[in-house]
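The values are calculated or read from the model by the stated rules, or taken from the named source; none is laboratory data. Keep in mind that this is a model prediction, so the values were computed, not measured. Cβ atoms come from the backbone with ideal geometry, glycine included; neighbour counts cover every protein chain shown.
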Amino acid sequence: MSSEESNSKQADLEIAYTRLSPSQNPGDKESSHSTIIFLHGGESCHLEFSRVAPFLTDDYEILLVDLPGHSRSKAIPFSFDNAVNALSHLIKTQVKGGKAHIVGLSLGGFVGLQFARRCSELVLSLWCTGCAPFSGYGHWLRSQSRLLSGIIFLAGRLATERIFWASLGVEPIPGLRAEVKNNQTITLLRPVFDELVSVTMENLAEIQGVRIAIIAGGKQDNVEDTVEAGKVLRSKNPECNAFVVKKAIHWWSLQLPEVFAQGVRAWVEGREMPKVYEPLLTALS
C-alpha cells in the first residue's frame, strides 16, 4: 500500500451511543429483536428521541447515537464521510446480524440518506423526516454557511431556557437545551450547512435496494421538496414512499412522539402507515 493510500484511508470511527434493550421474557431469543438506530438533528443529541424510544423498546433494540461533532462525539469533526464511517463501524461491531433499521430527523435524515447511498448492504430500512434536498430560497439560505452559523450561534447564546422551549411549543426535556447550546458552535455549524447543501436529487437517485419513507412535518418542512424526493426514491424502488404529517413541526420527535414512533414501527414492520401519515405520491408515481 502506498503512503498516499494509507493516508486517505480513515480509521474506524467510534461515535457515542446509548443502547436501550428490550426486556427479556422467558423463551425470548435476543437475536429476534432487530435494531433501530436513531440519528438526531443538527446541534442536537441522542436526548432528542427520549420521548419516542419508550414506545418501541419492548420490541426493538434501540441505539441512540450522538453524531460526529455533537455532544459525546464532539471530538470527531462533522462531515458526511465521518458520519457514514462511524455508522458503518457501529453496525458492524454492535448490531447483531450486521444490519439495522435507520431513523433520522433533519440532519440525521440527511445522514441516513447518505448512508443508504453508500452502505445499502447494512440497511434494513430507512425512515427519515425533514430531509428533502433543498431547492430555491431554502438552498440559497443554507449555502450562506458563515452568516447563518453566526446568527444561530448568537441566538443560541441569547435565548433563555424558557424562550427556547416556548419557541418549539413543547414540554422541556431535561438536559437537551444545554446540549444544544454547547453544540451551537461555528466549528460545527459551518460544515453542517456546507454538507447539507451538497445533497441533491441525483444523490438520492443513486440509492439502490433500500426501502425508504421520507416524511415532511406539514407546519415547517417543505412539502413540495419532499414530494420530489419521494418521486426520485420511488423511481429506483417502488416500495419507497413519501408522506406528510400536517400538524407536525420540523422537530416533531419532541412534539408528537407517539405518532412519530407509530410511523417508525409501521414502516419497520412493513405495515400500512397510520392515517395521520398522508401519502404524497399517487399509486402510479
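Applying the condition of being modelled with pLDDT of 95 or more and in a helix (DSSP H, G or I) to region 118-150 and asking which residue is surrounded by the fewest Cβ atoms within 10 Å (Cβ to Cβ) yields GLU121.
Being among the hydroxyl-bearing types (Ser, Thr, Tyr) and modelled with pLDDT under 95 is the filter; apply it to region 236-285 and report the residue that is surrounded by the most Cβ atoms within 10 Å (Cβ to Cβ). So, considering only residues that are among the hydroxyl-bearing types (Ser, Thr, Tyr) and modelled with pLDDT under 95, the one surrounded by the most Cβ atoms within 10 Å (Cβ to Cβ) is SER285. The criterion of at least 1 residues that are of a type in the set (D, E, K, R) and more than 27 Å from VAL170 (Cβ to Cβ) is met, among helices (runs of 4 or more DSSP H) falling completely within region 200-280, by 201-205, 223-236. Among residues of region 94-123 that are over 17 Å from ALA229 (Cβ atoms), none has a beta-carbon under 6 Å from a residue that is among the basic types (Lys, Arg) and in a strand (DSSP E or B) at least six positions away or on a different chain. Quick one: VAL232 ticks every box in (1) buried (at least 19 other Cβ atoms within 10 Å of the Cβ); (2) touching a residue at least 60 places away in the same chain (Cβ under 8 Å); (3) more than 18 Å from the chain's Cα centre (by Cα) except a single one, so which number is it? In the conditions (1) buried (at least 19 other Cβ atoms within 10 Å of the Cβ); (2) touching a residue at least 60 places away in the same chain (Cβ under 8 Å); (3) more than 18 Å from the chain's Cα centre (by Cα), VAL232 misses (2) alone. Summed over region 85-113, residues that are buried (at least 19 other Cβ atoms within 10 Å of the Cβ) and more than 11 Å from ILE37 (Cα to Cα) total 9.
Scanning region 16-33 for residues that are at pLDDT 95 or above and closer than 17 Å to GLY98 by Cα turns up TYR17, ARG19.
So that you can scan it fast, the table gives a plain yes or no per residue for (1) of a type in the set (A, V, I, L, M, F, W, C); (2) modelled with pLDDT under 95:
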site: MET201; (1), (2): yes, no
site: GLN208; (1), (2): no, yes
site: ARG211; (1), (2): no, no
site: ILE215; (1), (2): yes, no
site: ASP221; (1), (2): no, no
site: ASP225; (1), (2): no, no
site: ALA229; (1), (2): yes, no
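Residues being buried (at least 16 other Cβ atoms within 10 Å of the Cβ), of a type in the set (Asp, Glu), within 21 Å of GLU48 (Cα to Cα) and touching a Cys at 6+ places or on another chain (Cβ under 6 Å) are represented in region 179-199 by at least one member.
When ALA86 is tested against (1) of a type in the set (Gly, Ala, Ser); (2) out of contact with any strand residue (DSSP E or B) (no Cβ under 9 Å at 6 or more places or on another chain); (3) at pLDDT 95 or above, only condition (2) is not met. Within region 152-168, residues that are part of a helix (DSSP H, G or I) have Cβ atoms under 8 Å from residues that are hydroxyl-bearing (Ser, Thr, Tyr) in these pairs: PHE153/THR185, counting only partners at least 6 apart in sequence or on another chain.
Of the residues making up region 99-108, one or more are assigned to a helix (DSSP H, G or I) and at negative phi.
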